[in-house]
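Below is one structure, written out as structure tokens, with a few remarks after it.
Just so you know, all these numbers are worked out from the coordinates, no wet-lab data involved. If you're wondering where the values come from, they're calculated on a predicted model, not measured in any experiment. When we count neighbours, we look across all protein chains shown, and the Cβ atoms used for this are built from the backbone with ideal geometry, even at glycine.
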Amino acid sequence: MAGTLPADRELAQQILAELRAPRVAAAFACGGLLALAGALMQTLFRNPLAEPYLLGVSGGAGLLALLGMAAGLAWPWVSGLAFAGSLLALTLAAALGGRMLARDHTPLLLAGVMLAAGFGALIALVLSVAPAERLPGMLFFLMGDLAWAGNAPLLWTALLLALAAALALARRLDVLQLSPLKAASLGVAVAPTRWALFGLAGACTALVVAQAGSIGFVGLMVPHALRRLGFAGHRLLLPAAALAGGSLLVLADALARTVIEPRELPVGVLTALIGVPLMLWLLRRP
Amino acid sequence: MSLVARQLALRAGSRTLVDALDLTLEPGEVLGILGANGAGKSTLLAVLAGLALPVRGEVALDGEPLAALPPLVRAQHIGLLPQADEGGFLGSVAAFVALGHYPFDATPDLAPLLAAWELADLAQRPLATLSGGERQRARLAQLAVQRPRIALLDEPLTHLDPAHQARLLAWARSEADAGRSVVLTLHDPNWAACHCDRLLFLHGDGRWQLGTPATLLTPDALEGLYGPGTAALWRQGDRGQPV
């Protein structure tokens, strides 16, 4: 920016303080929340390939948000609808598949996968009949886009609270990696702890989706990669996931804004473009 | 005192597996449970561990019903080695073994235990890279870290080579000598004859027999338990010989 006129510099500073800084802050918090939710879901399902959207959260949020967009509602309403859709998906998953959670997480997993498939079909239906001029906005929501993420203080508060709550469970989560019977024999109340994981991961995911749409890949790749790199204990894994997830999303968002300037890309495209090669490289490590 | 089961009834669906079982686990004894596949051995262990409820009857630890004990307190006294594998665990062997100490506050000194189960060289390896027998030793070491007064082991001999079966036997005997109780399910009558103080036969239809190996282990009783032709598996002559 050297050599620019004073008025330009003022404008640049204003843009930095009022537009860029909040967006970077929101991006970091969203990435942290998604990676944290992914780590919790992987422990809940004892599967390092689990991710925040496994229970149909993105589908439920996407469906209601798209219906709102098709009806021409403004963003705050769409955001509220997305949040409601997330809660709807979580409630349905819990009601349909949650009864055996103390012993077996498979029914919950199946219910979530089925819900995600159902919501996916309905989303495709909405997309195919929606007015053409609304389609780009819808696609950006489905891919995830931080242009909407206006409430950085809320996201940061949520991130810090969720991280503190998850860390309070850390030792119990280590034990929960064992079979449910073994974990119970060591004194862990399996069902309440699993429901706490479900609620915590669900809340983190629902909040992010309502702020920035369904940003993909961060919630799967970050915790999975960290586990592969040797972060097995939750006391380290959880804060590391929040840090790495936040950093990755800040980087992806910076690229999303600049790669085809002055136009922007949905940030979800970038998280996948950065994440896929990283993941493949990790897979090749011995 | 110790662990007392009164009038236990266990069912799988509509089938009665065990009926009216009375069992008092004495401190210092090794009890072997024998029975055909599906006879209710694992179910009984889960009930004795306080992790499943019987259809009838109750289990009490020092006079206190297990259902009334807080999970952590129960885990400070009763340990279980289930059959299911620990497939979801991505950490090291040492981290896996250390989880056995969860019911207690202090950090355990793992080195002697890892050495005792010949895991010292494997301690930093990811658990998933171990062989079946090595993993079984890690699971046993995890139970040994918990050091339960009542140890319930479901088919602990699985995957173990003879040397490590002997190691398991020595551990069970030393636990018993220290005044703790060891219960294990197994399928080898020879092993049961040599190393168990008492045996419990589960017939899988509600009937059960409890007694010393000398009184219970006869060819007829084995065929009654497992079916015709199975007595040939038992070498009566080896009875009482150490492994």
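Would you mind checking the tilt of helix B:132-146 against the longest principal axis of the Cα atoms of chain B, expressed as 0 to 90 degrees and rounded to 10? Value to nearest ten degrees: 90.
Taking chymotrypsin sites (Phe, Trp or Tyr not before Pro) across segment B:1-105, the ones in a DSSP loop with at most 15 further Cβ atoms lying within 10 angstrom of their Cβ are B:Phe104.
Taking Cα atoms only, the orientation of helix A:218-228 departs from the longest principal axis of chain A by about 50 degrees. Let's test the formula: R0 of 25 Å, r as the Cβ-Cβ distance of B:Thr129 and B:Asp188. What FRET efficiency results, to the nearest 0.05? The computed FRET efficiency comes out at 0.30. Note on B:Leu233 and A:Trp156: their simple-model spin labels are 6.7 nm apart, each label 7 Å out from Cα toward Cβ. If the chain linking A:Trp77 and A:Arg228 were pulled fully straight, counting 0.36 nm for each residue of separation and taking away their Cα-Cα distance, it would gain 50.4 nm.
For chain B, adding -39500 (n - 2.57) for each run of n ≥ 4 DSSP H residues and dividing by the number of residues yields -8500 deg cm²/dmol at 222 nm.
Mean per-residue shielding of peptide B:97-106 is 3, counting Cβ atoms of other chains within 10 Å of each Cβ. If the elastic network links every pair of Cα atoms under 10 Å, which of B:Asp188, B:Asp197, B:Asp105 fluctuates the most in the Gaussian network model of chain B? Highest fluctuation of the listed residues: B:Asp105. Working from label points 7 Å from Cα in the Cα-to-Cβ sense, the B:Arg207 to A:Ala21 distance is 8.3 nm.
Using the Cβ-Cβ distance between A:Arg103 and A:Val259 with R0 set to 51 Å, the FRET efficiency works out to roughly 0.60. Averaging Cα coordinates gives a centre for segment A:215-286 and one for segment B:158-225; these two points are 53 Å apart.
Tell me the relative contact order for chain B as a rounded percent, counting alpha carbon contacts under 8 Å between residues six or more apart. With pairs under 8 Å counted, the relative contact order is 27 percent. At full extension, B:Asp62 and B:Asp22 could sit 12.9 nm farther apart than now, given 0.36 nm per residue minus the alpha carbon distance. Counting only other chain Cβ atoms within 10 Å of each residue's Cβ, the peptide A:167-179 averages 4. Relative to the longest principal axis of the Cα atoms of chain A, helix A:106-129 runs at roughly 30 degrees.
Excluding B:Ala111 itself, what net charge comes from residues whose Cβ is under 14 Å from its Cβ, given Lys and Arg +1 and Asp and Glu -1? Local net charge: -3. For the options A:Gly199, A:Gly230, A:Gly38, a Gaussian network treatment of chain A with springs between C-alpha atoms closer than 10 Å singles out A:Gly230 as fluctuating the most. Near B:Leu80, the amide H atoms lying under 5 Å from its own belong to B:Leu152; only residues 5 or more places off or on other chains count, and H is placed 1.01 Å from N.
Per-residue ellipticity at 222 nm computed for chain A from its helices equals -24500 deg cm²/dmol, with DSSP H segments shorter than 4 residues left out and the rest contributing -39,500 (n - 2.57). The distance between label points at B:Gln83 and A:Arg285 comes to 3.7 nm (points 7 Å beyond Cα on the Cα→Cβ vector). The 3J(HN,Hα) values that the Karplus relation (6.51, -1.76, 1.60; θ = phi - 60°) gives for segment B:217-233 are, in residue order, 7, 10, x, 5, 5, 5, 5, x, 7, 9, x, x, x, 7, 5, 4, 6 Hz. Gly and Pro appear as x.
Label zone of A:Leu96 (point 7 Å out along Cα→Cβ, amide N under 17 Å): in segment A:43-67 this covers A:53-64. Net charge around A:Leu236, counting only other residues with Cβ within less than 13 Å of its Cβ (Lys, Arg = +1; Asp, Glu = -1)? Cβ neighbours under 13 Å give a net charge of +2.
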